[in-house]
Ligand SMILES: Nc1ncnc2c1ncn2[C@@H]1O[C@H](COP(=O)(O)OP(=O)(O)OP(=O)(O)O)[C@@H](O)[C@H]1O
Ligand SMILES: [Mg+2]
């Protein structure tokens with residue numbers, strides 16, 4: 001098997017990297033792909049909880065590179081599918097506990113047995129980000145439609161380009177259709193015109209995500225949720241299927257509310 | 001429809017966000033491709049100012065990339 005390393009990164013923090021990593025990893029696994037996902041946010045372990053696997057962790061990625069344990073001892077099997085494994089971040093160490101070369105070596109090893117190796121990058125453009133960037137075959141950049149997130153995404157795109165990581169695509173997360181319609185939030189097309197890299201998905205703002213994270217059951221398990229549907233489409237596109245981008249529409253408002261809104265402005 | 005037409009004529013905050021980003025990113029992309037440009041600019045000012053009277057703020061240093069060649073363009077208006 002010749003697996004592919006898919007890095008999920010963003011520049012700005014808190015825009016949805018870990019949420020997307022969890023959904024994409026689990027979604028690909030549920031579609032029959034063999035997936036291992038590595039939390040590279042060392043010191044700020046998160047992916048385990050989003051996936052609901054935090055109770056099973058014994059060893060982590062730092063233990064692997066320091067050869068404290070065997071690789072398979074640190075691979076935590078998912079509860080829902082045999083196709084997904086998680087390698088957790090160390091919680092009591094920092095980003096300098098591993099080097100990019102070590103992560104490259106680790107992912108090369110994993111490529112023999114897995115279709116996808118998904119790397120959840122920490123925020124920023126320093127060492128932790130480089131650890132996630134260097135092994136990447138493909139990079140998914142997450143941004144929200146906010147000015148600072150887009151600016152930071154552009155910076156990351158520039159750094160990826162100068163490291164010859166040109167296989168990039170974009171997820172625009174937390175689009176709020178009502179705000180877009182009012183002109184108070186950049187639309188999907190606005191963001192695309194600024195960043196100019198291929199789009200792989202648009203995920204709406206979904207208030208259910210809080211409770212999905214609370215229970216460790218990512219959106220993809222809730223196939224009727226708005227975010228679940230969006231991630232399902234993203235997974236299809238990653239697998240090379242051609243899916244049209246769904247228009248994210250605001251909830252229907254009656255003519256009366258439209259008139260009221262008009263006068264409010 | 002009519003409501004939308006009225007709205008289109010107003011400059012929305014989303015439009016402003018997009019325009020501000022396009023301007024700042026054009027600048028930052030150039031800067032990141034050639035981080036030495038600012039230093040180079042300072043050095044050129046120093047050297048030229050020894051010989052001719054110039055206005056430092058009017059000096060323009062620009063790196064342009066065509067598909068095949070890169071051009072370093074330096075504009076120095078002399079007083
Ligand atoms: N589409 C969405 N709708 C609503 N909330 C969301 C959405 N995406 C992410 N969130 C929320 O935003 C917060 C940050 O998400 P997440 O932890 O995935 O970001 P991150 O980029 O991994 O952050 P960090 O940079 O700290 O690693 C979480 O509380 C998450 O539940
Ligand atoms: Mg995270």
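Nothing in this text is a laboratory measurement; each read-out follows from the coordinates by a stated rule. The shown structure was predicted, so the numbers you read here are calculated from the model rather than taken from an experiment. Cβ placement follows ideal geometry from the backbone for every residue including glycine, while neighbour counts extend to all protein chains displayed.
Look at the stretch B:24-30: the mean tally of other chain Cβ atoms within 10 Å of its residues' Cβ atoms is 3. Rounded to the nearest 10 degrees, the inclination of helix A:226-238 to the longest alpha-carbon principal axis of chain A is 60 degrees. Picking from A:227, A:219, A:96, which is most flexible by a Gaussian network model of chain A using Cα springs under 10 Å? The residue that fluctuates most here is A:96.
Measuring between their Cα centroids, the range A:47-121 and the range A:7-41 lie 12 Å from each other. Seen through its C-alpha gyration tensor, with square-root eigenvalues sorted a ≥ b ≥ c, the range A:97-197 comes out prolate because a/c lies at 1.5 or above while a/b is bigger than b/c.
When only Cα pairs below 8 angstrom with a gap of at least 6 residues are kept, the range A:58-112 shows a relative contact order of 34 percent. The value obtained for the range A:4-264, namely the Cα convex hull volume divided by the number of residues, is 129 Å³ per residue. If R0 is taken as 41 Å, the Cβ-Cβ distance between residue A:242 and residue A:67 corresponds to a FRET efficiency of 0.40. Across A:170, A:26, A:71, mean-square fluctuation computed from a Gaussian network of chain A (C-alpha pairs under 10 Å connected) peaks at A:71. Working from Cα pairs under 8 Å separated by at least six residues, relative contact order for chain A is 24 percent. Short to long, the 10 Å bins of the Cα pair-distance histogram for the range A:47-171 hold 11, 41, 35, 13, 0 percent of all pairs. Kindly express, to the nearest 10 degrees and within the range 0 to 90, the angle between helix B:37-51's C-alpha long axis and the longest C-alpha principal axis of chain B. For helix B:37-51, the angle is close to 40 degrees. By the count of other C-beta atoms within 10 Å, a proxy for reagent exposure, A:184, A:154, A:60 are ordered fewest to most as A:184, A:154, A:60. Running a GNM on chain A with Cα contacts under 10 Å, which residue among A:228, A:183, A:32 ends up with the highest mean-square fluctuation? Evaluated over chain A, the most mobile residue of the options is A:183. Peptide A:187-193 has a mean shielding of 2, counted as Cβ atoms of other protein chains within 10 Å of each residue's Cβ.
At 25 °C and 0.890 mPa s, grab the translational diffusion coefficient of the range B:12-75 from Stokes-Einstein with a Kirkwood Rh over Cα pairs, rounded to a whole number in µm² per second. For these conditions, the coefficient is 177 µm²/s. Using bins of 5 Å that start at zero, the share of Cα-Cα pairs per bin across the range A:116-164 amounts to 5, 19, 33, 27, 13, 3, 0, in whole %. Between residue A:1 and residue A:210, the simple label model (points 7 Å from Cα in the Cβ direction) yields a spacing of 3.8 nm.
When both bridge partners sit in chain A, DSSP labels roughly 5% of those beta bridges antiparallel. The order of the peptides B:48-54, B:21-27 by mean Cβ neighbours within 10 Å, most packed first, is B:21-27, B:48-54.
Rounded to the nearest 500, the helix-only mean residue ellipticity at 222 nm of chain A stands at -11000 deg cm²/dmol, with each DSSP H run of n ≥ 4 adding -39,500 (n - 2.57). Each of A:126, A:138 was scored by other Cβ atoms within 10 Å of its Cβ. Listed from fewest to most, they are A:126, A:138.
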